[in-house]
Amino acid sequence: MKKLFLKEDIKYYNEPNVKIENDTLEFITKPNTDLWQNTYYCFQHDNAPFVQVSVSEEYFSFTVKVKYFSKRRFDQAGIILYMDSSNWLKASVEYENDKFQRLGSVVTNDGFSDWATVDIPSNIKEMYYRLSRRGSDFCIENSVDGIEFKQMRICHLFKAGKTINIGVYACSPEDSSFKAEFSEMVISDCVWMAHQ
């Protein structure tokens with residue numbers, strides 16, 4: 001199995017401002033958009049725009065290259081697996097300031113989000129992500145060159161059914177807007193091997 005993330009298969013959520021050209025999806029964020037549920041901040045945000053496709057295979061990997069032009073605190077662009085407002089995961093680079101930004105992932109189960117991050121320099125403006133599925137377990141990886149991937153986290157989604165939705169998102173939680181480009185989107189056989 002290996003197929004491109006085709007535009008005719010895409011489902012749109014929260015009215016994203018997107019344009020697809022030459023297998024690249026260009027995304028312009030909307031101000032005051034975000035995804036988060038409850039934990040620590042005590043707020044619920046569920047209005048980030050995104051696009052997804054449905055995948056019914058229980059073992060696969062989804063890879064994408066993200067180029068982003070973020071400029072204001074919390075601007076972010078990356079991958080998403082969204083089932084409903086209380087059950088989803090995302091991985092992205094989130095802008096903080098002109099010195100550093102946060103490469104991280106959020107996993108939300110039953111209405112509570114967590115956030116795992118590592119600081120990286122703000123001059124990095126491209127990142128590859130790979131999301132692999134083995135049943136209800138998932139592995140998120142990142143790469144700066146699309147060749148050498150590093151594990152970000154392994155997690156479980158309690159409400160992951162046979163068919164799930166995967167895709168890309170970009171949002172600006174503050175009064176901001178920026179452009180993100182998604183390319184080289186491929187769904188392939190699972191490269192995350194079973195634990196021996």
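If you check 71, 65 for being closer than 17 Å to residue 167 by Cα, among the charged types (D, E, K, R), open to solvent by 30 Å² or more (accessible area, probe 1.4 Å) and touching a Ser or Thr at 6+ places or on another chain (Cβ under 8 Å), only one passes: 65.
Scanning segment 1-25 for residues that are part of a strand (DSSP E or B) and open to solvent by 70 Å² or more (accessible area, probe 1.4 Å), we see that the one that is farthest from residue 187 (Cα to Cα) is 17.
Restricting segment 38-62 to residues that are open to solvent by less than 10 Å² (accessible area, probe 1.4 Å) and of a type in the set (S, T, N, Q), the residue that is farthest from residue 182 (Cα to Cα) is 61. Each residue in segment 98-140 was checked for being farther than 28 Å from residue 163 by Cα, basic (Lys, Arg) and surrounded by 15 or more Cβ atoms within 10 Å (Cβ to Cβ), and 1 of them qualify. In this entry, residue 114 passes the filter for residues that are out of contact with any Lys or Arg (no Cβ under 6 Å at 6 or more places or on another chain) and farther than 24 Å from residue 16 by Cβ. For segment 156-176, a residue qualifies if it is surrounded by fewer than 17 Cβ atoms within 10 Å (Cβ to Cβ) and in contact (Cβ under 8 Å) with a residue 60 or more places away in the chain, and the qualifying residues are 158, 159, 161, 162, 163, 174, 175.
Yes/no matrix, rows are residues, columns are (1) free of Cβ contacts under 8 Å to residues at least 24 places away in the same chain; (2) touching a Phe, Trp or Tyr at 6+ places or on another chain (Cβ under 6 Å):
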{"position": "10", "(1), (2)": "no, no"}
{"position": "17", "(1), (2)": "no, no"}
{"position": "30", "(1), (2)": "no, no"}
{"position": "34", "(1), (2)": "no, no"}
{"position": "40", "(1), (2)": "yes, no"}
{"position": "44", "(1), (2)": "no, no"}
{"position": "48", "(1), (2)": "no, yes"}
{"position": "51", "(1), (2)": "no, yes"}
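Looking only at residues of segment 141-155 that are under 14 Å from the mean Cα position of the chain (by Cα) and touching a residue at least 40 places away in the same chain (Cβ under 8 Å), we find that the one that is least open to solvent (accessible area, probe 1.4 Å) is 142.
Every residue, every condition in (1) touching a Cys at 6+ places or on another chain (Cβ under 7 Å); (2) hydroxyl-bearing (Ser, Thr, Tyr); (3) closer than 17 Å to residue 108 by Cβ, yes or no:
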{"position": "34", "(1), (2), (3)": "yes, no, yes"}
{"position": "63", "(1), (2), (3)": "no, yes, no"}
{"position": "71", "(1), (2), (3)": "no, no, no"}
{"position": "76", "(1), (2), (3)": "yes, no, yes"}
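Among the numbered conditions (1) aliphatic (A, V, I, L, M); (2) more than 22 Å from residue 14 (Cβ to Cβ); (3) open to solvent by less than 10 Å² (accessible area, probe 1.4 Å), the only one that residue 81 does not meet is (2).
Restricting segment 43-68 to residues that are of a type in the set (S, T, N, Q) and part of a strand (DSSP E or B), the residue that is nearest to residue 145 (Cα to Cα) is 63.
The values are calculated or read from the model by the stated rules, or taken from the named source; none is laboratory data. All figures in this text were calculated on a predicted structure; none of them were measured in a lab. So basically every Cβ, Gly included, is an ideal-geometry build from the backbone, and we count neighbours across all protein chains shown. Each accessible area value is taken on the protein alone, full model and side chains, heavy atoms only, with ligands, DNA and RNA left out. Shrake-Rupley method; radii C 1.70, N 1.55, O 1.52, S 1.80 Å.
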